[in-house]
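The values are calculated or read from the model by the stated rules, or taken from the named source; none is laboratory data. Everything numeric in this text was worked out from a predicted model, so none of it was measured. Because the Cβ atoms are built from the backbone with ideal geometry, glycine has one as well, and the counts that use them run over all protein chains shown.
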Amino acid sequence: MQRSHIKRDTSQARAYSQAVITEGGRTIWLAGQIASEDSAGRSLIGDFDGQVREVFARLGKTLEEAGAKLADMVTMTVFITDVRFGDRFVELRKEIFGDSFPASALITVAGLARPGLLVEVQGVAVAD
(Lines give C-alpha, C1' and ligand atoms only; values in the text may rest on other atoms or scores of the structure.)
Protein backbone atom coordinates (compact mmCIF):
# COMPACT_ATOMS: atom_id res chain seq x y z
CA MET A 1 0.00 0.00 0.00
CA GLN A 2 1.28 3.46 -0.85
CA ARG A 3 0.32 6.58 1.04
CA SER A 4 1.12 10.25 0.56
CA HIS A 5 -0.11 13.45 2.18
CA ILE A 6 -0.87 16.86 0.75
CA LYS A 7 0.53 19.10 3.44
CA ARG A 8 0.17 22.88 3.70
CA ASP A 9 1.56 25.10 6.42
CA THR A 10 -1.89 26.15 7.60
CA SER A 11 -3.24 22.60 7.84
CA GLN A 12 -0.04 21.26 9.42
CA ALA A 13 -0.32 23.95 12.10
CA ARG A 14 -3.80 22.59 12.90
CA ALA A 15 -2.60 18.94 12.81
CA TYR A 16 -4.40 17.69 9.71
CA SER A 17 -3.55 17.01 6.07
CA GLN A 18 -5.37 18.65 3.18
CA ALA A 19 -5.61 15.20 1.63
CA VAL A 20 -4.27 11.69 2.09
CA ILE A 21 -3.77 9.65 -1.06
CA THR A 22 -3.65 5.86 -0.87
CA GLU A 23 -3.16 3.14 -3.44
CA GLY A 24 -3.97 -0.44 -2.56
CA GLY A 25 -4.67 -1.70 0.93
CA ARG A 26 -7.77 -2.53 2.95
CA THR A 27 -10.25 0.13 4.03
CA ILE A 28 -11.37 0.10 7.67
CA TRP A 29 -14.40 2.23 8.57
CA LEU A 30 -14.32 3.25 12.23
CA ALA A 31 -17.50 3.97 14.17
CA GLY A 32 -17.67 7.02 16.37
CA GLN A 33 -15.71 6.45 19.56
CA ILE A 34 -16.40 8.07 22.93
CA ALA A 35 -14.87 7.56 26.37
CA SER A 36 -16.73 8.18 29.61
CA GLU A 37 -14.16 6.18 31.59
CA ASP A 38 -10.58 5.03 31.09
CA SER A 39 -9.39 1.44 30.73
CA ALA A 40 -9.15 1.13 34.54
CA GLY A 41 -12.79 2.18 34.96
CA ARG A 42 -12.03 5.69 36.27
CA SER A 43 -14.53 8.34 35.21
CA LEU A 44 -13.47 10.76 32.47
CA ILE A 45 -16.64 12.84 32.66
CA GLY A 46 -15.61 16.48 32.24
CA ASP A 47 -11.95 15.54 31.47
CA PHE A 48 -11.35 16.60 27.86
CA ASP A 49 -7.70 15.49 27.67
CA GLY A 50 -8.52 12.16 29.29
CA GLN A 51 -11.40 11.55 26.90
CA VAL A 52 -9.29 12.40 23.83
CA ARG A 53 -6.44 10.14 24.91
CA GLU A 54 -8.82 7.27 25.72
CA VAL A 55 -10.74 7.72 22.46
CA PHE A 56 -7.51 7.39 20.47
CA ALA A 57 -6.39 4.43 22.61
CA ARG A 58 -9.68 2.69 21.83
CA LEU A 59 -9.46 3.54 18.14
CA GLY A 60 -5.91 2.18 18.18
CA LYS A 61 -7.09 -1.05 19.80
CA THR A 62 -9.88 -1.45 17.25
CA LEU A 63 -7.44 -0.85 14.43
CA GLU A 64 -5.00 -3.36 15.94
CA GLU A 65 -7.78 -5.97 15.99
CA ALA A 66 -8.29 -5.19 12.28
CA GLY A 67 -4.57 -5.57 11.56
CA ALA A 68 -3.85 -1.84 11.39
CA LYS A 69 -2.65 1.05 13.56
CA LEU A 70 -3.54 4.67 14.26
CA ALA A 71 -0.99 5.83 11.70
CA ASP A 72 -3.16 4.11 9.07
CA MET A 73 -6.03 6.56 9.63
CA VAL A 74 -6.60 8.61 6.48
CA THR A 75 -9.53 10.75 7.63
CA MET A 76 -11.44 11.53 10.79
CA THR A 77 -14.46 13.51 11.82
CA VAL A 78 -14.14 14.99 15.29
CA PHE A 79 -17.10 16.26 17.28
CA ILE A 80 -16.47 18.50 20.31
CA THR A 81 -19.06 20.03 22.61
CA ASP A 82 -17.28 23.35 23.19
CA VAL A 83 -15.45 25.39 20.57
CA ARG A 84 -12.86 26.26 23.24
CA PHE A 85 -11.65 22.62 23.10
CA GLY A 86 -10.57 22.99 19.46
CA ASP A 87 -7.04 24.26 20.05
CA ARG A 88 -6.42 21.70 22.78
CA PHE A 89 -7.61 18.91 20.51
CA VAL A 90 -5.12 20.07 17.87
CA GLU A 91 -2.29 19.93 20.42
CA LEU A 92 -3.26 16.41 21.49
CA ARG A 93 -3.58 15.25 17.87
CA LYS A 94 -0.04 16.53 17.19
CA GLU A 95 1.23 14.43 20.12
CA ILE A 96 -0.59 11.36 18.86
CA PHE A 97 0.16 11.56 15.12
CA GLY A 98 3.51 13.38 14.89
CA ASP A 99 3.48 15.20 11.54
CA SER A 100 1.67 12.80 9.19
CA PHE A 101 -1.91 13.65 9.95
CA PRO A 102 -5.17 12.23 8.64
CA ALA A 103 -7.48 14.56 6.75
CA SER A 104 -9.99 15.88 9.26
CA ALA A 105 -13.10 17.87 10.06
CA LEU A 106 -13.55 19.40 13.52
CA ILE A 107 -17.19 20.12 14.32
CA THR A 108 -18.70 21.74 17.41
CA VAL A 109 -22.01 20.16 18.46
CA ALA A 110 -24.57 20.93 21.16
CA GLY A 111 -24.15 17.54 22.78
CA LEU A 112 -23.14 13.91 22.37
CA ALA A 113 -24.86 10.63 23.27
CA ARG A 114 -24.55 11.03 27.05
CA PRO A 115 -24.07 13.94 29.45
CA GLY A 116 -20.42 14.68 30.28
CA LEU A 117 -19.05 13.47 26.96
CA LEU A 118 -16.89 16.15 25.39
CA VAL A 119 -15.46 14.52 22.24
CA GLU A 120 -16.26 11.82 19.70
CA VAL A 121 -14.07 10.68 16.82
CA GLN A 122 -14.96 8.54 13.83
CA GLY A 123 -12.70 7.77 10.91
CA VAL A 124 -11.42 5.70 8.07
CA ALA A 125 -8.09 3.85 7.92
CA VAL A 126 -6.34 2.17 5.00
CA ALA A 127 -3.87 -0.59 5.89
CA ASP A 128 -1.73 -3.13 4.08
- Message: Just to verify a result, which residue in the range 42-93, among those that are free of Cβ contacts under 8 Å to residues at least 12 places away in the same chain and under 24 Å from I28 (Cβ atoms), is surrounded by the most Cβ atoms within 10 Å (Cβ to Cβ)?
- Response: G60
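If the requirement is being free of Cβ contacts under 8 Å to residues at least 24 places away in the same chain and of a type in the set (A, V, I, L, M, F, W, C), which of these qualifies: I28, I34, I96, I6? Give the derivation first.
Values: I28 fails: free of Cβ contacts under 8 Å to residues at least 24 places away in the same chain; I34 fails: free of Cβ contacts under 8 Å to residues at least 24 places away in the same chain; I96 fails: free of Cβ contacts under 8 Å to residues at least 24 places away in the same chain.
The conditions single out I6.
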- Query: Which condition breaks for L117 when tested against (1) within 30 Å of D9 (Cβ to Cβ); (2) buried (at least 18 other Cβ atoms within 10 Å of the Cβ); (3) over 14 Å from the mean Cα position of the chain (by Cα)?
  - Reply: (1)
- Query: Out of the range 1-14, which residues are of a type in the set (V, I, T) and surrounded by 11 or more Cβ atoms within 10 Å (Cβ to Cβ)?
  - Reply: I6
- Item | Failed criterion for Q18 (all others in (1) at pLDDT 95 or above; (2) polar (S, T, N, Q); (3) touching a helix residue (DSSP H, G or I) at 6+ places or on another chain (Cβ under 6 Å) hold) | (1)
- Exception for Q33 within (1) at pLDDT 95 or above; (2) under 24 Å from M1 (Cα atoms); (3) surrounded by 16 or more Cβ atoms within 10 Å (Cβ to Cβ) falls at (2)
- Is it the case that S17 is in contact (Cβ under 8 Å) with a residue 60 or more places away in the chain, surrounded by 17 or more Cβ atoms within 10 Å (Cβ to Cβ), in contact with a His (Cβ under 8 Å, 6 or more places away or on another chain) and within 24 Å of S4 (Cβ to Cβ)? yes
